[in-house]
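Trainee: One structure, as structure tokens, below. Some questions next.
The values are calculated or read from the model by the stated rules, or taken from the named source; none is laboratory data. If you're wondering where the values come from, they're calculated on a predicted model, not measured in any experiment. Backbone-built Cβ (ideal geometry, glycine too); neighbour counts: all protein chains shown. SASA here: full protein model, heavy atoms, side chains in, ligands and nucleic acids out. Shrake-Rupley method; radii C 1.70, N 1.55, O 1.52, S 1.80 Å.
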Amino acid sequence: MAKILVTGGLGFIGSHTVVELINAGHEAVIVDDLSNATMQALSGIEKITGKCPEFVRVDLKNKKEVQNFFSSHSDLDGIIHFAAFKAVGESVYKPLEYYENNLGSLVYILQEMRDLSLDNFIFSSSCTVYGQADELPITENSPVKSALSPYGNTKQVGEEIIKDAIEAHGFNAISLRYFNPIGAHPSAEIGESPLGVPLNLVPFVTQTAAGVRQQLSVFGNDYETRDGTNERDYIHVVDVAKAHVIAVERLLKRKNLTNYEFFNLGTGTGSTVLEVIQSFERVSGESLNYKIVERRRGDVTAAFADTTKANAELAWKTEKTLDDAMTDAWRWEKKIRNI
Ligand code: WQD
């Protein structure tokens, strides 16, 4: 059993990863600033696992708060760092908040790892580091192109910061570049609950169907794709969570081949926005109210993963389909809206 810090551990992917860490027999310690999460996620984790992990509210972009936390938690075996702002569209309008939050928190955590000789760092990265890839599917060797959004740039720069820290201070890290995590835990005890108007597609779809939103706006249908709408690789959040457990255990057991590894986490299949809507309508029996509007700044046309490396080296592959994810997302939405 290992003691793993999960930053952003009450968030969407973080909470699902805490569940899988506990299921694998590890102890999770959660820090979160509750800027995009609620305490409901902690009770959801307890309902699923029967365990209530330690939670400490920390503003990770406040250096003093980070130092205080680590001064009483120097016995960590590994760190999974999710805490970040993550909306591509929003980052275009709030770049400075994204750089302050996403990079400030990363630097402060790495400084504590250096000072306390901690090791085994898993970084929540993103397919947005590839920008609009020239070739699809996207492999880990696809060039990291200039990001099309400040969010994507925080992930690119974040990966560079970790590389330099490893070279200077020598620890082991894995950067997991996920595509589009969606869905919810099948128990409907935890799921995606963005505060305010959802910036991502799937929660906007389920909130529209639940009557919380009037209508879904589809951001453009004049792209070079099979139906004109953007194509993404939508991966069930539980599959993403399980990959994080495998990755941190890889480092704990020193199975990593180099001290800094990168893996794409995707299904390997692209789906367009209209195909996501069709999947939702198929599994829910609901007819979704949507309209086509102008493109959204920062969007790439298409992105989906080549999963060969993660399948082979992590012995991990996705088990759930787009329909599974939309089924679980809808069950979660109905639960939190008492429908
Ligand atoms: C998906 C598609 C929109 C909302 C996400 C995460 C980011 C990263 C990559 C992990 C796009 C369209 C959306 C809406 C729409 N993941 N859309 N109407 O931009 O691919 O980025 O995955 O790090 O963190 O944000 O996801 O869900 O915002 O958009 O038409 O109301 O849905 O144009 O084509 P995106 P998204």
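Trainee: Looking for whichever is closer than 25 Å to Arg331 by Cα, in contact with a Leu (Cβ under 7 Å, 6 or more places away or on another chain) and not in a helix (DSSP H, G or I) here; the options are Ile235, Ile277. Which one fits?
Mentor: One residue alone meets the criteria, Ile235.
Trainee: Restricting the search to segment 287-320, which residues are surrounded by 15 or more Cβ atoms within 10 Å (Cβ to Cβ), more than 15 Å from the ligand (Cβ to nearest atom) and over 20 Å from the mean Cα position of the chain (by Cα)?
Mentor: Glu313
Trainee: Asp323 - would you say it is away from the ligand (no atom under 16 Å from the Cβ), open to solvent by 10 Å² or more (accessible area, probe 1.4 Å) and of a type in the set (Asp, Glu)?
Mentor: Against the criterion (away from the ligand (no atom under 16 Å from the Cβ), open to solvent by 10 Å² or more (accessible area, probe 1.4 Å) and of a type in the set (Asp, Glu)), Asp323 qualifies.
Trainee: I'd like to know if segment 88-97 contains one or more residues that are open to solvent by 70 Å² or more (accessible area, probe 1.4 Å), among the acidic types (Asp, Glu), farther than 27 Å from Asn172 by Cβ and touching a Cys at 6+ places or on another chain (Cβ under 7 Å).
Mentor: Scanning segment 88-97 turns up no residue that is open to solvent by 70 Å² or more (accessible area, probe 1.4 Å), among the acidic types (Asp, Glu), farther than 27 Å from Asn172 by Cβ and touching a Cys at 6+ places or on another chain (Cβ under 7 Å).
Trainee: Among the residues in segment 27-50, are any under 21 Å from Glu249 (Cβ atoms) and small (Gly, Ala, Ser)?
Mentor: yes
Trainee: Please count how many residues of segment 176-191 are more than 10 Å from the ligand (Cβ to nearest atom) and crowded, with 24+ Cβ neighbours inside 10 Å.
Mentor: Result for segment 176-191: 4.
Trainee: Look through Glu281, Glu333 and report the one residue that is free of Cβ contacts under 8 Å to residues at least 24 places away in the same chain and more than 11 Å from the ligand (Cβ to nearest atom).
Mentor: When all the criteria are applied, what remains is Glu281.
Trainee: Out of segment 187-232, which residues are acidic (Asp, Glu), in a loop (DSSP other than H, G, I, E, B) and within 23 Å of the chain's Cα centre (by Cα)?
Mentor: Listed by number, the residues that qualify are Glu189, Glu192.
Trainee: Tell me which residues, restricted to segment 155-164, are surrounded by 14 or more Cβ atoms within 10 Å (Cβ to Cβ) and farther than 11 Å from Asn259 by Cβ.
Mentor: Lys155, Gln156, Val157, Gly158, Glu159, Ile161
Trainee: Looking only at helices (runs of 4 or more DSSP H) that lie completely in segment 4-101, which have at least 1 residues being at pLDDT 95 or above and closer than 24 Å to Asp119 by Cα?
Mentor: Answer list for segment 4-101: 12-23, 63-71.
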